[in-house]
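Here the structure is laid out as structure tokens; the discussion comes afterwards.
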């Protein structure tokens, strides 16, 4: 996770680093991209993983960008990671998929610059989000919610339609017992380590949430809704006392 005074922003073809006072643009990865950048994960401004359309993942370290061989052309829809305190290595997982029912999905494990395909045979045909608390729990969401408390191998619980009937596009958390999942029709779910609670009745809008972020006692979800026939942006903010 980035320091509090650091921010990374992408327009799909470049990345801007902001340190709280100055912004610098980095376009050096553009020649390596097979599709536009969709998601970023970084431990610092000098160690960045970017998931892209067309199956691309690029990694910035030691002052240079490198394209990783993913073995798929499916769009990388989300990427998340942590530093393993036991080894000091980055542990990164990305999900890739397509809305096309025949295209399937991929669950990708990244260690350094090596990408390995994890077993995804029980997962739904479209994956949209991933988050994990290393050695404790891993979530993947999309056309269903699946979670595993086993890190090697991943043994999935949950399923399609078991936790919510709606598509879930994103997941983030503070810890294994404090996870937020959001998706279609204003669905927002909280997982406390044993049970799920829906806050859909409180959001009160007919739209879709595309991203959720959690920081201590604050959660922010953003997406789109329809008002009087027009699509509008919407943000939902939740605070824990």
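Read-outs throughout are calculated quantities, based only on the coordinates presented, and are distinct from any laboratory measurement. Small disclaimer: the values here were computed from a predicted structure and weren't measured. No Cβ is skipped: glycine too gets one built from the backbone with ideal geometry, and neighbour counts run over all protein chains shown.
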### Task
Find the residue count for the range 28-67, including only residues that are over 20 Å from residue 169 (Cα atoms), in a helix (DSSP H, G or I) and without any contact (Cβ under 8 Å) to a residue 24 or more places away in the chain.
2
### Query
Out of all the residues in the range 68-75, is one or more surrounded by 15 or more Cβ atoms within 10 Å (Cβ to Cβ), more than 19 Å from the chain's Cα centre (by Cα), free of Cβ contacts under 8 Å to residues at least 40 places away in the same chain and closer than 27 Å to residue 127 by Cβ?
no
### Residue count, the range 58-69 (criterion: in contact with a strand residue (DSSP E or B) (Cβ under 9 Å, 6 or more places away or on another chain) and under 11 Å from residue 29 (Cβ atoms))
6
### Query
Just wondering, is there one or more residues in the range 180-196 that are in a strand (DSSP E or B) and surrounded by fewer than 13 Cβ atoms within 10 Å (Cβ to Cβ)?
no
## Note on the structure
In the range 80-117, anything part of a strand (DSSP E or B) and either within 16 Å of residue 44 (Cβ to Cβ) or in contact (Cβ under 8 Å) with a residue 60 or more places away in the chain (or both) is listed as 80, 81, 82, 83, 90, 91, 92, 110
### Summary
Scanning the range 146-166 residue by residue, those part of a loop (DSSP other than H, G, I, E, B) and farther than 14 Å from residue 198 by Cβ turn out to be 149, 150, 151, 152, 153, 154, 155, 156, 160
